[in-house]
Structures are given as C-alpha cells and as structure tokens.
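To keep things clear, I will list the structure first and then write my remarks on it.
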Amino acid sequence: MTIPSTAASAATPVSTDPGGSTVPGLRLSGISKVLGGRTIVDDLNLDIAPGEMVSLLGPSGCGKTTTLRLIAGFLLPDQGRVEVDGAEITSLGPERRPSAMVFQNYALWPHMTITKNVAFPLKVARVPRAQIKERVAEVLELVGLSHHADSRPAHISGGEQQRAALARALVQRPKLLLLDEPLSNLDAKLRVRVREEIRDIQQRMGITTVLVTHDQEEALSISDRVAVMSEGKIEQVSTPAELYRAPATEFVAGFIGSSNKVRALDLGEGEPGVEWVVRPEDVRVDPEGMPGVVTRVLPHGHYSEVAIEVRGTDLRAFVTGEAPAPGDEVGVRITRALRYRNGTLDEAPVTVSA
Ligand SMILES: Nc1ncnc2c1ncn2[C@@H]1O[C@H](COP(=O)(O)OP(=O)(O)OP(=O)(O)O)[C@@H](O)[C@H]1O
Ligand SMILES: [Mg+2]
C-alpha cells in the first residue's frame, strides 16, 4: 500500500490571520550569506504565518544562529529579502526592526536590577517613564518575576534569568520574537518547564516566533512547524508529526528520531540505489517474520531497544513488554518503511510486510 507524500512540498504555511490574508508574519526569500569565504546561509526560503512558532533545527555549525542574526538585522544578507508582516526590512539595522531577540547567554546587565534590565530597551527607545513602569510591571507579571523586580541577575536562578531575558524581549512588544537556544543553560527538568512557559506565553500573545535549537525533542514538542537545516539550507519544513512520519530527505530521516538504514534486505523491490529507512517502532518481533538473532538488548524503562541480526543486516527494534535476550532466535516483521533514491523520499512511505 502506498500513501501520498506531502513532505517535500510543505514549505507554505497556512495563514492564521483572521481576515484570511496570506501575508506571512515573516518571509525570507532567497537569503544568502558568505562569511570567511564560505557560504553559511545558502539561498534560504521560509514563510512563517502570523502567530506561528517555527523552530530552526539542525546540527552544530549548519547556520541556525547566522540565519537568526540575518532576521534580527545583526547581519545583512548578501542576497535575498526579509519581510515582516508584509513590510520589507532587509537592510534595516536591528534597532529599527520590529523584532526582539533572546540570546543564549541572556546578556543581562549584572549591575542593574531585573526591573532596570527589562526597562532598558524602552529607555533607549525614549518611551515615557510612566509607560515604562507600567509595561515592565505587566511583563514581569506575565513571566512570573514580579517578586524579583528589585533583585540583581546574580541573585536569581538560571531559569529566572532566562525569564528575565524573555521579559526584556517581550516588553518591546515585538512583532517577531527570536530565540537562540534560550534553554541550553538550564538543567533537563527546568528546560522542559521553561519551554512550556515560553510556548504558553507565545500562544497567548499570538506572537510570530523563531526558535533556534539543536535539541530535536525541544523543537518537536513546542513548535507549530520545524525547519530542519543542513549546511545553510532548509531540508524540510513540516509539522512535527509530518517530519517524523514522512521525512523528505535521507538527512532528515537520519536526524529526526532513530532509524535503521537498510540496503541489503529486499523489502519488495531489489533495485540498486534505493535505501530503505525503517523506524525501530516499525520493527516487530513476530514468530511469523524473517528469522533473526538478538545481538544486544538495552533496557530504557518502559521499553527496550533490541538489536537483531537479520540476513546479515543489523536492525534495531523498540520492544515494549518482555524483551528477548541476547542469543535468542526470533522472527522479525517490518511493518512500515520509507524509500529513498538519491537521498530524497522517492515516492511515498511504503508499508511492507517483509
Ligand atoms: N563572522 C563569521 N566569520 C566566519 N565564519 C563564521 C562567522 N560566523 C559564523 N561563521 C561560521 O558559520 C557556520 C555556521 O555558524 P552558526 O553560528 O550559524 O551555526 P549554528 O547552526 O548556530 O551552530 P551551533 O548549533 O553550534 O550554535 C560555522 O561554521 C561558523 O564557524
Ligand atoms: Mg548557534
């Protein structure tokens, strides 16, 4: 059975604008940037709907921060256009853009209180003092930091500093919120809590947001869509579910989740140049299946990762319930596979019964 694929063409978001307008909240058209003689961002196109949150996800050095800096105006592109809510801002400096950025290291002033830190961009913009006071109080309330209004950054926790940095961005009432690895300094538990807070605030304010991360779980859990980047290009932009179900390229298939690359097994078509990608959860231990031998078992709590050698190919399976033991002879059935030719999903995810 074949399922039609939509993955390769998922670059255009549906506008969430109540008027039904198709003006994107952010549009990058053909953006390129050369740094140190290398093309770091390569003819990149991306549309983000108003109020949408999109993550840029990719390995270290693929150009995520550079792309964010091009959006924020800290860098100007060699080619291409940047538009926010339909207005072109390609060559404007950061202070004239309707965007606010939260940096990885928070960049709070150590000698200023949280209130002064958050008020700073409004002071620079010469907002009247009474208004500053009101807006700062409002935004500190929003991020849950009112009780630390008079504290200095060194005297509050990492998670609170992160929220202060977020408050300093939100107080500017930006049309576009840019977050560069905002959670990477937090421990695992706090990271999960703060990312949910960020998502909640982003949705309540309906603010168009770009989040840069190399943490796929983070990207998949809080984004409307995820743009997977590799070497300065976007490989695929899709909803988290679609990205996992139908990765458009072999790079995305290998980068998102875990997968088996299968060349040697004949999964229905013995053609050369075709690579099959099989998710571990689509490998079933089934007495009726192909004969295999368990080589390794890694318990993960509620499931086990089981390595099984089948006709000379090593397959990984996720087994819930009782796991087999190394050396056991088992049957293996593959219930679903993706087929790639020349690195690209060549037709559709294929359901197999090998
Ligand atoms: N000003 C610069 N001059 C020369 N090369 C640069 C400059 N800025 C960035 N680069 C290079 O561009 C590439 C992409 O950098 P970038 O910071 O955008 O990556 P990233 O995807 O954010 O990575 P990470 O996940 O590690 O933060 C890197 O190889 C980096 O060394
Ligand atoms: Mg970076």
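Long-range amide H contacts for Ala348: which residues qualify at under 5 Å (H placed 1.01 Å from N, peptide plane, sequence gap of 5 or more or a different chain)?
When sequence neighbours closer than 5 places are left aside, the close amide H contacts are Arg339.
Residue by residue through region 275-291, what is 3J(HN,Hα) from phi via Karplus (6.51 cos²θ - 1.76 cosθ + 1.60, θ = phi - 60°)? Round to whole Hz and write x for glycine and proline.
10, 9, 10, 10, 6, x, 6, 9, 9, 10, 7, 8, x, 7, x, 5, x
Where does the chain land at 222 nm, in deg cm²/dmol rounded to the nearest 500, when only DSSP H runs of n ≥ 4 count, each adding -39500 (n - 2.57), divided by all residues?
So the helix-based figure for the chain works out to -7000 deg cm²/dmol.
Could you size up the charge dipole of the chain around its Cα centre, putting +1 on the beta carbon of Lys and Arg and -1 on that of Asp and Glu, and report it in debye to the nearest 20?
My answer is approximately 1700 debye.
Taking the Cα atoms only, what angle lies between the long axis of helix 114-124 and the longest principal axis of the chain, rounded to 10 degrees?
70
Between Gln104 and Glu347, 0.36 nm times their residue separation minus their Cα-Cα distance comes to what?
That works out to 83.5 nm of additional length.
When Glu250, Glu134 are ordered from fewest to most other Cβ atoms inside 10 Å of their Cβ, what list results?
Exposure proxy ranking, most exposed first: Glu134, Glu250.
Mind checking the full-extension length gain between Asn45 and Ser60? Use 0.36 nm per residue of separation minus the Cα-Cα distance, one decimal, nm.
That works out to 3.4 nm of additional length.
Starting from the coordinates of the alpha-carbon atoms of the chain, obtain the Kirkwood hydrodynamic radius over all distinct pairs and give the value in Å to one decimal. Could the numbers behind the result be given before it?
On the way: mean 1/r = 0.0444 Å⁻¹.
That comes to 22.5 Å for the chain.
Where does helix 158-170 land angle-wise versus the long Cα axis of the chain, in degrees 0 to 90, nearest 10?
With rounding to tens, the tilt is 60 degrees.
Given Cβ point charges of +1 (Lys, Arg) and -1 (Asp, Glu) and nothing else, what value in debye, to the nearest 20, does the dipole of region 300-354 about its Cα centre take?
280
Compute the relative contact order of the chain as a whole-number percentage, counting only Cα pairs closer than 8 Å that sit 6 or more residues apart in sequence. Show your work: numbers first, answer last.
On the way: 754 pairs, mean separation 63.3, N = 354.
Rounded, it is 18 percent for the chain.
Placing unit charges on C-beta atoms (Lys and Arg positive, Asp and Glu negative, everything else neutral), compute the dipole magnitude of region 258-345 about its Cα centre in debye, rounded to 20.
Charge dipole, region 258-345, about its Cα centre: 340 debye, nearest 20.
Can you give me the long-range amide H partners of Ile234? Hydrogens built in the peptide plane at 1.01 Å from N, cutoff under 5 Å, separation of 5 or more residues or another chain.
For Ile234, the qualifying residues are Asn45.
Residues in region 237-262, backbone N under 14 Å from the label point at Arg311 (7 Å along the Cα-to-beta-carbon vector): list them, ranges by number please.
Backbone N within reach: 262.
Residue farthest toward the positive end of the dipole of the chain, with Cβ of Lys/Arg at +1 and Asp/Glu at -1: which of Pro291, Pro247, Ser91?
The listed residue farthest towards the positive side: Ser91.
Can you compute the label reach from Glu134? Point 7 Å from Cα along the Cβ direction, backbone N cut-off under 17 Å, restricted to region 160-178.
Residues passing the 17 Å test: 171-173.
If each residue of separation counts as 0.36 nm, what is the full-extension length gain between Phe74 and Ser221 once their alpha-carbon separation is subtracted?
The Phe74-Ser221 span can extend by a further 50.1 nm.
For region 140-149, in order, what is each residue's ³J(HN,Hα) by Karplus, 6.51 cos²θ - 1.76 cosθ + 1.60 with θ = phi - 60°, in whole Hz (x at glycine and Pro)?
So the Karplus estimates, Gly and Pro as x, are 5, 4, 4, 8, x, 10, 3, 6, 10, 3 Hz.
Within a 10 angstrom radius of the beta carbon, how do Arg225, Arg69 rank from fewest other beta carbons to most? All intermediate terms of the calculation are to be shown ahead of the outcome.
Values: Arg225 22, Arg69 19.
If I rank by nearby Cβ atoms, fewest first, I get Arg69, Arg225.
Please rank Thr313, Thr65, fewest neighbouring Cβ atoms within 10 Å first, as an exposure proxy. Present the calculation step by step, with values, prior to reporting the outcome.
Working: Thr313 16, Thr65 19.
If I rank by nearby Cβ atoms, fewest first, I get Thr313, Thr65.
How far is helix 188-205 tilted off the main Cα axis of the chain, in degrees rounded to 10, range 0 to 90?
Helix 188-205 sits roughly 60 degrees off the main axis of the chain.
Place +1 on the Cβ of every Lys and Arg and -1 on the Cβ of every Asp and Glu in region 7-248, take the dipole about the Cα centre, and give the residue among Pro182, Pro59, Gly30 whose Cα lies farthest towards its positive end.
So the residue we want is Pro182.
In nanometres, what is the gap between the two model label sites at Lys123 and Arg96, each 7 Å from Cα along Cα-to-Cβ?
Result for the modelled spin labels: 2.5 nm.
Region 177-193 to region 200-222: how many Å between their Cα centroids?
That distance is 10 Å.
We did not get these values from a lab; they are worked out from the coordinates using the rules stated. Note that this is a predicted model, so its numbers are computed, not measured. Quick reminder, even Gly has a Cβ in these numbers, built from the backbone with ideal geometry, and neighbours come from all protein chains shown.
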